[in-house]
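Worksheet for the structure shown next.
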Amino acid sequence: MRPFALALTFALLAALPAAAQTPRCDALAEPQRALAQELFKAVHPYDCCDETLDACLKAEERCRLAERLADDVCRMVKAGKDRSFVERALDKRAQSMIDLGARASFALDDAMSTGAPDAPVQLVVYACARCPFCSVLLPQLYREVTEGSLKGKVRLYFRPYPIKSHPGSTEGALGLITAARLGKFWPFLLELYGNFDQFDCQKMVGWAKAVGMDPEAFDKARQEPALREVLVESKKEGLRNKVAATPTLYVNGRLYSYELDIEVLKDVLAEESEKQK
Amino acid sequence: MPMKLLENPTVKATVRDAVLIVVGCAAFGLAFNGLRPSGGIPVVQREEYDLLVPCPDISAEVDPLEPTDPRLGAERTLVIDAREAEAFAAWHHASARNAVYDFLDPLPEETVREIARSGAAMVAVYGDGADPDTGRELAKEIASKGIRNVYFVRGGAPALRERSTAR
């Protein structure tokens, strides 16, 4: 009986670190859990703890970043990613979160922003009115910043960056700048992206009306040559900031090169918010 | 009619062989997939594929050319000035032709065709020399259309003009 009790104790002790990670890690099936453990023993958090992730998680005072990274590792492992993919991905996350050089500079327009003015995180997104990915990501970010888990933590700024190969990208961007001038930027952006597959330059007037703008005023204002200059300046700024695709995000001035999935972004932005406190 | 066709021994043999090949390949594929260490790729995809990817801007990269490079004066080099028409009229490189770069609108197809038809061994583009440099941006756009040996002149028109004044 005694050897059996000892064996049981050792087995429970061995299982303890795995069970005390994050709910996502605890839910992993056995082969995936083994891979996650292997990664925990190889990966070092880029901040808050000098040991491996495994040691950081076992420390008496666990740092929040170690938990976040462990959860991120388990997310990727659960999605079937292999060890080298996860390691490369974590490098990208580190590059996005650590100050590695000069921060990007922007001529931000408050009319194209949302979220708490005193939020600790400034998120700048260069986006094209005709980019399918932007049409999914921007409304998600808007919802999170205005009523979701990022409320009070993030101020979101939109920077128009028309992609030349997208037909209608300039007209769409001019429509967005016009909406900003008329004080209806976000409702119009949501309308524009909500009707992504029905896009037509003339239909924009109807969408402007649908979100409460005077259609005639909108149609007249969007043809002003000065707006084109504003758009050119935004595009030039993007090129100076090394924008190579849309959407491109900057978190407190740092180029964000990690995953653009909204759940990952929520985690990364929450991490940045905690760091700024 | 199909049944009648199957009575033809050649057609019958062809169909039989095709069925055998398809069944054999499918069996081999399933067996190979089953041997994968992760348990194999699911035969039926339950989750939606993540098809969304960022939209790339013009991705071609171009090398710089110094304003002193002798190739700028070579016979088979096509020199393009990317600046506005007024700036081009005020001063331009001796052999340059004007093709204004627009940050918003794509390069007209006709201009691309003219460059392709020019028979030039090299295309050197200069712009305003600012940041971002219109010359570099136009050179990238031309290169992205499949035209080879496209360069931009470092420092743009101001650097070229300074050099021509110095001479």
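The values are calculated or read from the model by the stated rules, or taken from the named source; none is laboratory data. Keep in mind it's a predicted model, so treat the numbers as computed, not measured. Note: ideal-geometry Cβ built from the backbone for every residue, glycine included; neighbour counts use all protein chains shown. Calculation scope for accessible area: heavy atoms of the full protein, side chains included, ligands and nucleic acids excluded. Shrake-Rupley method; radii C 1.70, N 1.55, O 1.52, S 1.80 Å.
Tell me which residues, restricted to segment A:27-53, are open to solvent by less than 20 Å² (accessible area, probe 1.4 Å), assigned to a helix (DSSP H, G or I) and under 21 Å from A:MET97 (Cα atoms). Matches in segment A:27-53: A:LEU39, A:PHE40, A:LEU53. The residues on offer are A:ARG75, A:ARG93, A:ARG68, A:ARG62, and the sole one that is over 30 Å from A:GLU233 (Cβ atoms) and either in a loop (DSSP other than H, G, I, E, B) or without any contact (Cβ under 8 Å) to a residue 24 or more places away in the chain (or both) is A:ARG62.
Note on segment A:222-249: residues that are open to solvent by less than 20 Å² (accessible area, probe 1.4 Å) and closer than 20 Å to A:TRP186 by Cβ amount to 7.
Could you count how many residues in segment A:250-269 are in contact with a helix residue (DSSP H, G or I) (Cβ under 8 Å, 6 or more places away or on another chain) and part of a strand (DSSP E or B)? So the answer is 4. Counting the residues of segment B:32-87 that are touching a Phe, Trp or Tyr at 6+ places or on another chain (Cβ under 9 Å), at pLDDT 95 or above and among the small types (Gly, Ala, Ser) gives 1.
Say whether the condition of being part of a loop (DSSP other than H, G, I, E, B) and surrounded by 11 or more Cβ atoms within 10 Å (Cβ to Cβ) is met by at least one residue in segment B:107-117. Yes, segment B:107-117 has at least one match.
The single condition among (1) of a type in the set (Val, Ile, Thr); (2) in contact (Cβ under 8 Å) with a residue 40 or more places away in the chain; (3) within 13 Å of chain B (Cβ to nearest Cβ); (4) in a helix (DSSP H, G or I) that A:VAL232 does not meet is (2).
Residue-by-condition table, conditions (1) touching a residue at least 40 places away in the same chain (Cβ under 8 Å); (2) of a type in the set (Phe, Trp, Tyr); (3) open to solvent by 20 Å² or more (accessible area, probe 1.4 Å):
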{"position": "A:PRO117", "(1), (2), (3)": "no, no, yes"}
{"position": "A:VAL121", "(1), (2), (3)": "yes, no, no"}
{"position": "A:TYR126", "(1), (2), (3)": "yes, yes, no"}
{"position": "A:ARG130", "(1), (2), (3)": "yes, no, yes"}
{"position": "A:CYS134", "(1), (2), (3)": "yes, no, no"}
{"position": "A:ARG143", "(1), (2), (3)": "no, no, yes"}
{"position": "A:LEU156", "(1), (2), (3)": "yes, no, no"}
{"position": "A:PRO160", "(1), (2), (3)": "yes, no, no"}
{"position": "A:ILE163", "(1), (2), (3)": "yes, no, no"}
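Comparison of A:SER96, A:SER149 shows that the only residue that is within 14 Å of the chain's Cα centre (by Cα), modelled with pLDDT of 95 or more and within 25 Å of A:LYS41 (Cα to Cα) is A:SER96. All told, A:ASP214 meets the bar of being more than 11 Å from every other protein chain (Cβ to nearest Cβ), over 26 Å from A:LYS153 (Cβ atoms) and loosely packed, with under 14 Cβ neighbours inside 10 Å. Checked against the criteria, A:ARG68 does not count as at pLDDT 95 or above, under 22 Å from the mean Cα position of the chain (by Cα) and within 14 Å of chain B (Cβ to nearest Cβ). Could you go through segment B:75-82 and let me know if any residue there is in contact (Cβ under 8 Å) with a residue 12 or more places away in the chain and over 14 Å from B:GLY135 (Cβ atoms). Yes; the residues of segment B:75-82 include at least one that is in contact (Cβ under 8 Å) with a residue 12 or more places away in the chain and over 14 Å from B:GLY135 (Cβ atoms). When you scan segment B:40-56, do you find a residue that is more than 13 Å from every other protein chain (Cβ to nearest Cβ) and open to solvent by less than 70 Å² (accessible area, probe 1.4 Å), even just one? Among the residues of segment B:40-56, not one is more than 13 Å from every other protein chain (Cβ to nearest Cβ) and open to solvent by less than 70 Å² (accessible area, probe 1.4 Å), which makes the answer no. Residue check: A:PHE188 meets all listed conditions (1) outside any strand (DSSP E or B); (2) within 14 Å of chain B (Cβ to nearest Cβ); (3) of a type in the set (Phe, Trp, Tyr) but one, namely (2). A:SER169 meets all of the listed conditions (1) farther than 26 Å from B:ASP102 by Cβ; (2) touching a Lys or Arg at 6+ places or on another chain (Cβ under 9 Å) but one, namely (1). Scanning segment A:143-162 for residues that are farther than 27 Å from A:GLU271 by Cβ and either of a type in the set (S, T, N, Q) or assigned to a loop (DSSP other than H, G, I, E, B) (or both) turns up at least one hit.
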